[in-house]
Structures are given as structure tokens and as C-alpha cells.
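This report refers to the structure that appears directly beneath it.
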Amino acid sequence: TKWVYTFGDGKAEGAAEMRNLLGGKGANLAEMSNLGLPVPPGFTISTEVCTWYYAHGKTYPAELKGQVEAALAHIAALTGRTFGDPANPQLVSVRSGARASMPGMMDTVLNLGLNDGTVDAVAEASGDARFAYDSYRRFIQMYSNVVLDFPHHHFEEVLDAFKEEKGYTLDTDLSAADWKVIVGKYKDLVLHELGAPFPQDPHDQLWGAIGAVFSSWMNQRAIVYRRLHAIPESWGTAVNVQAMVFGNMGDTSATGVAFTRNPSTGENALYGEFLINAQGEDVVAGIRTPQNITETARIAAGSNKPSMETALPEVFTEFQRIAGVLEGHYRDMQDLEFTVERGKLWMLQTRSGKRTAKAALRIAVEMAHDGVITKEEAIARVDPAALDQLLHPMLDPKADKAVIGSGLPASPGAASGEMVFSADEAELAKTQGRKVILVRIETSPEDIHGMHAAEGILTTRGGMTSHAAVVARGMGKPCVCGAGTIRVDYANGTITSGGVTLRKGDILTIDGGTGQVIAGAVPMLQPELSGEFGTLMGWADAVRKLKVRANAETPLDARTAKSFGAEGIGLSRTEHMFFDAGRIKSVREMILADDEAGRRTALAKLLPFQRQDFVELFEIMDGLPVTIRLLDPPLHEFLPHTEAEIAEVAEALGVSPQKLAARKKEFDEFNPMLGFRGCRLAIAFPEIAEMQARAIFEAAVAAEKSTGKPVVPEVMVPLITGKREFDLVKEVIDATAKKVEEETGARLTYQVGTMIELPRAALKADEIAETAEFFSYGTNDLTQTTYGISRDDAGTFLGPYVSKGIMEVDPFVSIDVEGVGELVKIATERGRKTRPNIKLGICGEHGGDPASVAFCHEVGLDYVSCSPFRVPIARLAAAQAAL
Ligand code: ADP
Ligand code: MG
Ligand code: MG
């Protein structure tokens with residue numbers, strides 16, 4: 001079996017399509033070699049070895065050793081240096097690389113192959129002893145940390161103490177002799193702390209690192225990440241072993257990372273950072289502040305450090321050319337890693353770059369305009385869920401702002417919240433419903449849960465490609481990073497900048513679009529959507545089959561929904577209108593009245609309010625369809641609680657407070673979710689449905705007059721279990737319509753339909769469709785009743801259900817296709833059989849979830865209805881489903 005694939009010198013045994021076998025990094029290193037780009041030679045140990053390793057008690061296939069030897073010889077043939085040769089040693093890096101990029105895997109080990117002997121050979125060959133010993137100490141530190149599990153900071157403490165003793169401030173102050181002393185101290189430290197000397201045999205080092213990569217596939221961080229991202233364990237990771245090139249060989253050497261387009265804005269210009277005389281992840285680690293790649297970016301950033309364009313002009317030109325080749329080849333924005341060794345550029349990685357939603361839109365639309373990709377590809381390239389970011393508020397530019405510092409605008413959007421200094425605090429605050437800004441000197445993968453919980457993230461160290469910046473952009477969280485003038489004091493829980501000190505818990509605002517850091521809260525504005533947004537949405541609208549409506553009842557929600565492109569209202573919950581100050585008293589009178597007459601008196605007071613609500617909704621929607629659901633929740637939700645409230649209602653009804661309190665008790669329920677609610681209210685008290693129907697029809701007549709457009713209300717009966725319930729309520733509605741027609745002389749056009757939100761209703765859909773003109777799947781209740789899980793109580797046990805793999809995702813977030821989805825399918829089939837033109841939609845939370853929207857498309861529903869801010873998400877998701 002072939003386990004090892006070589007690359008280098010314009011050829012490779014692998015290619016980009018072999019991602020499953022070679023991992024993302026390995027496949028793209030092979031592809032770049034095949035394209036003739038300068039890639040240091042190396043080889044990839046395939047993901048199949050990882051699978052074999054775990055299937056065979058953590059051992060390797062017998063042929064592997066020989067194949068690795070042969071591949072090392074391949075490197076030697078190309079570089080003229082041999083791995084492990086004391087006189088002329090080749091150093092290598094060992095890099096993990098799964099199919100999907102996966103934080104939590106082993107970190108890269110650089111400079112592998114150095115030992116007490118080879119370090120001097122490297123010093124001699126390079127003519128630079130300082131470089132050799134700097135590399136060696138980096139290697140000891142990295143290998144110990146990554147392979148031997150010995151924490152970084154021990155080494156940093158040794159180095160800091162040494163620098164202090166010598167009066168040095170920068171690493172560059174250390175001479176070759178100094179680094180040699182440090183190397184000695186590092187080795188002593190390892191021996192002392194681990195009880196064994198630092199491994200000297202390069203082959204032991206290599207197999208140690210390879211073993212560490214494969215072991216890291218099953219470490220806790222990797223397992224959690226896979227679970228969160230639905231990556232199967234069976235995929236395994238590959239290992240890449242590659243000849244080292246050195247960015248730390250003086251002033252014509254450098255290392256950097258870049259995007260072929262700006263990952264924040266999408267602007268079509270190289271965007272990145274590099275450091276002269278540095279190695280590996282120095283750029284990302286934020287130890288020194290990196291320099292810009294292009295002159296334009298340098299000027300925009302107001303940096304006084306030279307850009308690569310001026311510092312290394314020939315390298316820059318070559319890099320620009322290669323960036324163009326790679327972007328054109330992959331037909332997508334690329335994220336590049338490179339190193340310059342004594343003026344020679346080497347490419348170390350390429351992959352599709354992570355980007356903000358704003359950048360994703362702009363890049364997709366511009367690439368489609370330029371004919372690089374099709375419109376369909378452009379639609380498919382934007383993650384619908386990420387559109388949320390674009391709809392985030394921004395700071396009001398006219399507002400007063402106490403700016404206390406600034407950093408890099410790492411991820412757009414503005415956020416305010418209490419300052420916290422640790423990920424755990426952020427998470428805790430979130431569970432308590434508090435909004436926080438996570439403030440860190442820098443972040444690491446251990447902070448992800450806190451970044452999730454926070455409204456925004458502020459760091460004081462690191463560039464646009466630092467961990468905080470990359471992760472925040474991915475999450476769509478506002479982030480300001482590298483705010484160097486701000487001093488963070490974890491111990492005292494304060495930040496200080498420009499003479500201002502803020503404490504933990506103080507409100508802080510960050511603007512991820514400008515990089516500003518502001519004390520206190522700032523008024524925010526709704527975002528304006530870019531031209532690309534409209535363009536892509538237009539393309540999406542042209543291909544999607546599903547219509548998109550919104551769940552809205554207030555005028556504000558309805559206007560927002562319409563501005564986001566809603567094609568009607570799929571769910572207007574009338575009870576939301578019952579809580580308003582002017583009405584709740586009448587609602588209570590209605591509920592607590594002893595008899596129909598009493599209820600009718602109270603309902604008469606409510607009628608004008610409801611009618612006005614509907615007039616406004618119809619006018620805003622201006623001829624678009626509006627579905628109005630009759631009263632649904634258990635009545636006790638409206639009941640008076642305080643003594644004063646009880647007294648008030650008692651007086652209005654002319655009864656004693658004691659009597660009223662007793663009457664109120666009658667509404668107590670053991671399980672209100674399955675209690676006296678939905679159409680059961682209209683069955684018991686038809687006068688409620690009658691008042692609501694009257695309000696709807698009278699409003700329709702009025703709105704038709706004011707807008708001059710036909711209004712076709714869709715009246716929806718909730719929580720039915722079968723046809724008989726539906727028919728009883730429909731009779732009331734039809735009779736009321738007739739009366740309104742007689743009274744006003746107008747002709748009404750309307751539909752009466754029902755929610756399908758109980759399993760029985762789904763099963764009886766054929767009968768129900770005989771009289772119901774539309775179905776709207778209420779997937780929130782349908783999920784509760786199909787699973788027998790109360791949505792409000794699920795929080796305590798659903799977590800383990802998801803983490804133990806019983807459920808892939810929370811079924812209240814993304815529809816359970818197999819169970820709840822099956823009921824939707826059954827009801828759709830049976831409903832259509834009876835009434836082929838029945839209108840079918842969904843109005844649960846799922847209407848704004850891309851995976852659920854795809855399901856609705858599959859099943860062939862007519863529309864989805866979701867909350868106003870999710871309308872663009874649903875439009876794009878519907879288009880992607882239709883591609
Ligand atoms: P990650 O997946 O975390 O990005 P990489 O394997 O890409 O890890 O390695 C991180 C960095 O290490 C690279 O960006 C590059 O700067 C450096 N590096 C890796 N291999 C080599 C090499 N062969 N020569 C020089 N630098 C290397
Ligand atoms: Mg890394
Ligand atoms: Mg990398």
C-alpha cells in the first residue's frame with residue numbers, strides 16, 4: 001500500500017482533489033508544486049495511516065518506515081542536504097493537516113532535526129551562528145511544548161530572566177553566544193522537569209512528532225471540535241513533513257500571511273502582514289507588531305514600518321504574481337502562508353480564506369461580474385447564516401464617544417457590554433442574560449467558548465490575522481485587536497489607557513469597523529446594506545422556488561420585514577397585541593367574566609384596538625398576503641397577578657376581589673402547554689373568535705379603501721387535532737364575514753386555514769384539507785408534541801442529548817427531518833391529495849434556519865415564514881436549496 005506522497009520541484013504525487021487522502025494542507029502543497037510554484041519539497045503521510053494507527057492499537061503499517069525513508073531521500077535529492085546528517089543536515093517541519101481545517105490538532109513543529117551536533121553544521125553552512133542557535137532554541141521550545149507536553153511559559157520565564165539580567169529588551173538584542181547559553185538552560189530545564197534529556201536523535205524527533213500528530217486526532221479539543229462541526233472521526237488527519245526554509249536569516253528574510261483579497265471588506269487587493277527576520281507563527285502570535293504587505297495598506301493603517309512592497313520589492317512582485325495565479329486557479333479568495341529566505345520566496349500554504357459576510361458578498365458578486373464564477377456559484381458561496389452580521393447595528397456617528405484607545409478593525413459591527421477578562425466569566429454572564437465584552441491581551445483556542453458568549457472581543461496584542469481576529473470574523477462577532485495603548489491588568493481586573501482606568505463590570509463599547517474602543521455605551525444605528533447585498537439577493541430571488549414571509553405583528557416588525565424583502569406575513573400572533581397597557585385590563589375582564597354576556601362586554605372594548613392593529617398591518621404590507629392567527633396561548637398568561645391588578649379587574653366586573661381571585665384559580669393548569677389553549681379557546685368561547693374575525697374583516701375593508709389594493713386576509717386557526725374542531729371555528733369566521741359584508745356592503749375575499757402543529761392533525765390532514773384552504777406548519781409546537789419535550793424545559797437536558805449524539809442538533813433550532821419532518825411530509829401529501837392547490841407554509845423558528853429551509857424546499861412547500869431579521873437568510877437559503 002502506498003502511504004506516503006511526495007511533492008516538490010514542480011511535481012507531486014498528490015493533487016488538490018486528493019484532499020480526503022492527503023488532508024487540506026497536503027493536497028494544496030501538492031497542487032502548488034504541480035503548478036510550478038516555489039514550495040519547499042516534502043511529503044505527506046496519508047490520512048489512511050491515521051485510520052490504520054487507531055485500528056491497530058496505535059501502531060504503524062509495516063511499510064511506513066521504508067516509505068518515509070524513501071521520501072526523506074527524495075527531499076535530500078532536491079535540496080542536497082540529508083535529514084540527520086551531522087555534517088550537512090536537512091531540517092524539516094512537521095505539520096498536521098486534516099481534511100477540514102481543525103483547530104485543536106497538534107501545532108506545527110519547526111526546525112526539527114537540530115541537535116547539539118547539527119546546530120553547528122547549520123551555523124557553518126549558513127555562516128550565521130546566531131540564526132542557528134535561535135532556531136535551535138525555538139525548536140526545543142516548540143517540540144517540548146507540542147510533543148512532550150511541557151508548557152511554553154517555563155521557557156519564556158528563563159528567557160525573560162536572562163534578558164533582564166543582561167539588560168536586554170528585545171529578542172534581537174541577543175547574540176549567538178547568548179542564544180547558546182539559552183539553549184543550554186532550555187535543555188537543563190527539560191532534563192530537570194521531565195526527567196529525561198531532550199531527544200538528540202533526529203529520527204527519534206521525527207517519529208515523536210509524527211506520533212504526536214496522530215495522537216492529537218483523539219485529544220479532547222479535537223474531539224469537541226469535530227462534534228461541534230459534524231466532522232466524522234473516521235476521516236483521520238494527515239502529517240506533512242517538509243524541508244525547512246528560514247525567515248529568520250537576517251534582514252532579507254521574512255515570514256508572513258496574506259489574503260488575496262481583503263477578508264474584512266472583500267476589496268480586491270492583496271491584504272496581509274509579514275515580519276522581517278522571523279519564523280513561523282511569530283506573525284500570528286503577535287509578539288512583534290507585523291508590517292503591511294502593500295504600500296496602500298501601510299498608508300491606510302498609518303504605519304511607519306515599511307511595507308513588503310518597499311522593503312522587499314522583488315519578492316513583493318513575485319508574491320503578487322503567485323497570489324494571482326492561486327486565486328485564478330482555485331477561483332476563490334486564498335489565504336496564503338509564505339516565507340522569504342535570503343530574498344527567495346517560498347509558498348507554505350494556500351486555502352480558501354475565511355471572510356466576513358460583507359467580504360463574502362463582495363467577493364462573490366465581483367467574481368461573478370468578472371466571469372470567474374457563475375451567478376449560481378456566487379449564490380452558493382455565501383453562508384446564509386452569516387448574513388446576520390450585516391444586519392448588526394453600528395455606532396451612531398453623531399453620538400458622543402469617550403474614545404479611550406484604538407486597535408485594528410478586525411471584525412465588523414459594534415458591540416457594548418460589561419467588561420470581563422476571562423472566557424469563563426463571559427460564559428457565565430451569558431447564562432445570566434448579561435451582555436459582555438471579552439477583553440484579553442490575546443486569545444487562544446481555549447477562549448473560544450467565551451468568544452461565543454461575548455457580544456464582542458477586544459485584544460491588546462496581535463494583528464489582523466491573530467487568533468482573536470480570525471475566530472471573531474468566523475463567528476461574525478465584532479472584534480478590535482492589537483489595541484496596544486490599552487494596558488490590561490488581569491490581577492486587578494482593570495484596563496488603563498490614556499489616563500482612564502475602567503474596571504471589570506464597567507460598560508465598554510468596541511467598533512470592529514473602525515477599531516475604536518469607547519468607555520460606556522453608545523447609541524447604535526441599523527446597518528445600511530451594500531449594493532452587493534441587493535445584487536446577490538436579486539440573483540437569489542430569481543432562482544428560489546420558496547416564497548419568504550415574516551412572522552410579525554407590530555408595525556415596526558412588519559416594516560423591517562418588508563425592507564428585508566418579506567413577501568407577506570406568515571404569522572401574526574394576535575395575543576401579542578393583548579398585552580398593551582390600554583388593553584390588558586379589558587383582556588382580563590373578558591377572561592374572568594362569569595358568562596358570555598360579560599365576555600362580550602369586554603370583547604367589545606377590545607374590538608376597536610384589534611381592528612386598528614390589523615388596519616396598520618394591512619396598510620404596511622400593501623396588498624401582500626397576511627396570515628392572522630386567532631388567540632392561541634393559555635388564558636392564564638394574561639391574568640392579573642398583583643393585588644392591585646386583581647382589585648382593578650374586580651371593580652370593572654362589579655365583583656369582589658375574593659370572588660375574582662377564586663375565579664382566577666379555575667384557570668390554573670398542570671400542563672398549560674397541552675391545556676386550555678389554541679382552538680380550544682374558540683370552541684369554548686366562540687365569541688372570542690367572532691370578535692377577532694370581525695376586527696380582521698372590518699380592517700380589511702378599511703385598508704382596501706386606504707391602499708386601493710385588494711386585501712386578502714388569511715385567518716388561521718391554531719392547535720387543531722382534526723376537521724371537526726376546525727369546522728366549528730370556521731363556521732364562526734364565515735358567519736362573521738357575512739355579517740361584515742352585509743353591514744359594510746363590501747365584498748370580502750379571504751381564506752380560512754389552520755396550523756398543523758399536533759401529530760394528529762398531520763395524520764388527519766386529508767380530512768382537514770376538505771375545508772381548510774391553507775396549512776401552516778407550526779414546527780415549534782409540532783416539535784414539542786412529536787418529541788414530547790417541552791421547549792421551555794429542554795434546556796436542562798438537551799445539551800447532553802446533543803453532545804452524546806442522540807440528536808445531531810437542537811431540534812428546536814433545526815428541524816428534525818426524520819421525525820417532525822416526516823409528519824410534515826405526510827401532512828403535505830395528504831393535504832394536497834384532497835386539495836391540490838392548498839397553500840402550504842411553515843411558521844416556526846425553523847423558517848429562518850438554512851438547513852430547515854432546504855428541507856421545506858425539498859418537501860415542496862410554498863413558503864417559509866421567519867423573524868424579520870432572518871428574512872435575507874431564508875431568501876438566500878431558499879436559493880441555495882434550489883440550485
Ligand atoms: P497551521 O495549520 O497552524 O497554520 P502550519 O503547518 O501551516 O500550521 O505551520 C505554521 C507556520 O509554520 C507556517 O505558516 C509557516 O510560517 C511555518 N512553517 C511550516 N512549515 C515550514 C517550513 N517547512 N519552513 C518554514 N516555515 C514553515
Ligand atoms: Mg496553528
Ligand atoms: Mg498554516
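Values in this text are rule-based calculations from the coordinates and carry no lab data. Every value quoted in this text rests on a predicted model; they were computed, and no experiment measured them. Positions of Cβ are backbone-derived with ideal geometry, glycine not excepted, and every protein chain shown enters the neighbour counts.
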Original post:
At what distance in nm do the modelled label points of Ala662 and Asp204 sit from each other, each positioned 7 Å from its Cα along Cα→Cβ?
Top reply: 9.0
Subject >> For region 254-355: rounded, prolate or oblate by the Cα gyration tensor [a/c cutoff 1.5] >> reply: rounded
Original post:
Can you give me the Cα centroid spacing of region 74-95 and region 289-330 in angstrom?
Top reply: 31
**OP:** Would you work out the charge dipole size for region 254-355 about its Cα centre, treating the Cβ of every Lys and Arg as +1 and the Cβ of every Asp and Glu as -1, and quote it to the nearest 20 debye?
**Re:** 100
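Can you give the FRET efficiency to the nearest 0.05 for Met673 and Val500, using r as the Cβ-Cβ distance and R₀ = 41 Å? Walk me through the intermediate numbers first.
Numbers: r = 50 Å, r/R0 = 1.23.
Rounded to the nearest 0.05, the efficiency is 0.20.
Hey, which of these cross-link pairs are over 18 Å Cα-Cα: Lys11/Lys354; Lys430/Lys477; Lys163/Lys185; Lys709/Lys739? List each step's numbers first, then the result.
Details: Lys11/Lys354 28 Å; Lys430/Lys477 15 Å; Lys163/Lys185 13 Å; Lys709/Lys739 22 Å.
Those over the limit are Lys11/Lys354; Lys709/Lys739.
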Subject >> Alpha-carbon gyration tensor eigenvalues x 5, square-rooted, for the chain, Å >> reply: 62, 29, 26
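Compute the Kirkwood hydrodynamic radius of region 23-130, taking the inverse of the mean of 1/r over all pairs of distinct Cα atoms, and give it in Å to one decimal.
Details: mean 1/r = 0.0634 Å⁻¹.
Computed over Cα pairs of region 23-130, the Kirkwood hydrodynamic radius comes out at 15.8 Å.
Neighbouring Cβ atoms within 10 Å as the yardstick, rank Cys479, Cys50, Cys856 fewest first. Display every interim value, and only then the final one.
Numbers: Cys479 33, Cys50 23, Cys856 30.
Fewest-to-most ranking of Cys479, Cys50, Cys856: Cys50, Cys856, Cys479.
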Subject >> Charge context of Gly805, other residues only, Cβ under 15 angstrom, K/R +1, D/E -1 >> reply: -2
**OP:** Would you compute, from DSSP H runs of 4+ residues alone, the mean residue ellipticity of the chain at 222 nm, taking -39500 (n - 2.57) per run and dividing by the full residue count, rounded to the nearest 500?
**Re:** -14000 deg cm²/dmol
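Find, among the trypsin sites (Lys or Arg not before Pro) in region 56-121, those assigned to loop by DSSP (not H, G, I, E, B) with at most 13 other beta-carbon atoms within 10 angstrom. Please list the in-between numbers first.
Details: sites: Lys58, Lys65, Arg81, Arg95, Arg99; in loops: Lys58, Arg81, Arg99.
Passing both the DSSP loop test and the Cβ count: Lys58.
What net charge do the residues around Met142 carry, taking every other residue with its C-beta under 10 Å from that of Met142, with Lys and Arg at +1 and Asp and Glu at -1?
Local charge sum for Met142: 0.
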**OP:** For region 190-304, calculate the relative contact order in percent as a whole number, restricting contacts to Cα pairs under 8 Å that are 6 or more residues apart.
**Re:** 15
Original post:
Mind listing the phi-derived Karplus ³J(HN,Hα) values for region 328-344, rounded to whole Hz, using 6.51, -1.76 and 1.60 with θ = phi - 60°, and x for any glycine or proline?
Top reply: x, 5, 8, 6, 7, 4, 10, 10, 10, 10, 8, 9, 10, 10, 6, x, 9
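How high is the relative contact order of the chain, given as a whole-number percent (alpha carbon pairs under 8 Å, six or more residues apart)? Display every interim value, and only then the final one.
Working: 1874 pairs, mean separation 73.8, N = 883.
Reported relative contact order: 8 percent.
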Original post:
Across every pair of different alpha-carbon atoms, what Kirkwood hydrodynamic radius in Å does region 582-664 reach?
Top reply: 14.1
Original post:
Under the classification rounded if a/c is under 1.5, otherwise prolate if a/b is larger than b/c and oblate if not, where does region 52-242 fall, given a ≥ b ≥ c as square roots of the Cα gyration tensor eigenvalues?
Top reply: oblate
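What FRET efficiency do you get for Glu165 and Ile789 if R0 is 56 Å and r is their Cβ-Cβ distance, rounded to the nearest 0.05?
Numbers: r = 64 Å, r/R0 = 1.14.
With a Förster radius of 56 Å, E is 0.30.
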Original post:
Taking Cα pairs under 8 Å and at least six residues apart, what relative contact order does region 393-525 come out at, in percent?
Top reply: 37
Original post:
If each of Ala176 and Arg331 carries a label point 7 Å out from its Cα toward its Cβ, how far apart are those two points in nm?
Top reply: 5.3
**OP:** At q = 0.23, 0.29, 0.30, 0.31 Å⁻¹, what is the base-10 log of I(q)/I(0) for region 550-605 according to the Debye formula with one equal point scatterer per Cα and no solvent? Please give it to two decimals.
**Re:** -0.81, -1.03, -1.07, -1.11
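For region 512-608, state which chymotrypsin sites (Phe, Trp or Tyr not before Pro) are in a DSSP loop and have at most 11 other beta carbons lying within 10 Å of their beta carbon. Please report the intermediate quantities before stating the final value.
Working: sites: Phe533, Trp539, Phe564, Phe578, Phe579; in loops: Phe564, Phe579.
Sparse-neighbourhood loop chymotrypsin sites (Phe, Trp or Tyr not before Pro): Phe579.
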Original post:
Exactly which trypsin sites (Lys or Arg not before Pro) in region 506-570 are in a DSSP loop and have at most 14 other Cβ atoms within 10 Å?
Top reply: Lys545
Original post:
Can you list the residues of region 89-108 with backbone N under 16 Å from a point 7 Å past the Cα of Asn219, pointing along Cα to Cβ?
Top reply: 94-98, 102-108
**OP:** Taking amide H positions as placed in the peptide plane 1.01 Å from N, state which residues far from Ile373 in sequence (5 or more) or on other chains have amide H under 5 Å from it.
**Re:** Ala368
Original post:
Of Ala87, Ile140, Thr51, which is farthest on the positive side of the dipole of the chain, counting Cα position, with +1 on Lys and Arg Cβ, -1 on Asp and Glu Cβ, and the Cα centre as origin?
Top reply: Thr51
Original post:
How big is the gap, in Å, between the Cα center of region 570-639 and the Cα center of region 680-732?
Top reply: 12
Subject >> Computed magnitude of the charge dipole of the chain (debye, nearest 20; Cβ of K, R +1, Cβ of D, E -1) >> reply: 1020
Original post:
Considering amide H positions built from the backbone, and no H for Pro or chain starts, which residues 5 or more places from Gly272, or on another chain, come under 5 Å of its amide H?
Top reply: Phe259, Ile293, Thr294
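Is there a quick way to get the dipole size of region 671-816? I mean about its Cα centre, with the Cβ of Lys and Arg at +1 and of Asp and Glu at -1; what is the value in debye to the nearest 20? Numbers along the way, then the final one.
Working: 15 positive and 23 negative charges, 19 e Å.
Dipole of region 671-816, to the nearest 20 debye: 80 debye.
Would you mind classifying region 518-560 by shape? Square roots of the alpha carbon gyration tensor eigenvalues, ordered a ≥ b ≥ c; an a/c under 1.5 is rounded, otherwise it is prolate if a/b is larger than b/c and oblate if not. Don't jump to the answer; show the numbers that get you there.
Details: a/c = 3.90, a/b = 1.55, b/c = 2.53.
In terms of gyration-tensor shape, oblate.
Over all directions, the average projected area of the alpha-carbon convex hull for region 393-525 comes to how many nm²? Present the calculation step by step, with values, prior to reporting the outcome.
Working: hull surface 27.4 nm².
Result: a mean projected hull area of 6.8 nm².
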